[in-house]
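Colleague: Have a look at this one.
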Amino acid sequence: MDFILENWVLIAVAVGSGLMLLWPAVTGGAGAGSVSPTDAVQLINRDKAVVIDVCSPQEYAAGHVSGARNIPLDQLEQQLPQAVKNKALPVVMVCASGVRSRRAVAIARKLGYEKAVSLAGGLAAWRAASLPVQKG
């Protein structure tokens, strides 16, 4: 009992760290508006989702999801309406790690693409799932 009373800060840090590690498992591993690579494949195959890569042209050339269109994040607001005319289609936003694609989802939803989602983990998760990547 003395140990607990004398080291309550360390115990609180340990419990807090454990809870933070468990949080992704509890929430399904993806934030709101995010999909796993397997869910993205289902959207592409079943619902004819359009894949938009929001990386820079250099990153896109180094490797991207097969069939993805490249619209850099800073040009998304101007170019997305021309690239995806049907706002009812699902749009899967992809970047290297999933950070920029979450911002891209916010932009797309502001433009009226209510079915816009981010690929959780980005291209790294896509590759980890052994899904096809194109270069060039």
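Colleague: Considering the stretch 45-63 alone, what residues qualify as being among the hydrophobic types (A, V, I, L, M, F, W, C) and either within 11 Å of Lys135 (Cα to Cα) or without any contact (Cβ under 8 Å) to a residue 24 or more places away in the chain (or both)? Before you say what the answer is, go through the steps one by one.
Modeller: At the first step, the residues of the stretch 45-63 found to be among the hydrophobic types (A, V, I, L, M, F, W, C) are 49-52, 54-55, 61-62.
Within the stretch 45-63, Ala61, Ala62 qualify.
Colleague: Could I ask something else about it? Would you pick out the residues in the stretch 16-35 that are within 24 Å of Cys95 (Cβ to Cβ), at pLDDT 65 or above and among the small types (Gly, Ala, Ser)?
Modeller: Gly33, Ser34, listed by residue number.
Colleague: Also: At least 2 residues that are of a type outside the set (Val, Ile, Thr) in each: list the strands (runs of 3 or more DSSP E) lying fully within the stretch 44-136 that qualify. Break it down into steps so the answer makes sense when it comes.
Modeller: Details: elements: 50-53, 91-94, 116-119.
Fully inside the stretch 44-136 and qualifying: 116-119.
Colleague: Sort out which residues of the stretch 33-67 are surrounded by fewer than 18 Cβ atoms within 10 Å (Cβ to Cβ) and of a type in the set (S, T, N, Q), and write them in order of number.
Modeller: Result: Ser36, Thr38, Gln42, Asn45, Ser56, Gln58, Ser66.
Colleague: Could you give me the residue pairs with C-beta distances under 6 Å whose first residue belongs to the stretch 77-89 and is in contact (Cβ under 8 Å) with a residue 40 or more places away in the chain, whose second residue is of a type outside the set (S, T, N, Q) wherever it lies, and which are 6+ apart or on separate chains?
Modeller: Going by the 6 Å Cβ cut-off, the qualifying pairs are Leu89/Val50.
The values are calculated or read from the model by the stated rules, or taken from the named source; none is laboratory data. Because the structure is a prediction, the values reported are computed rather than measured. In this analysis, Cβ positions are derived from the backbone assuming ideal geometry, glycine residues included, and neighbour counts consider all displayed protein chains.
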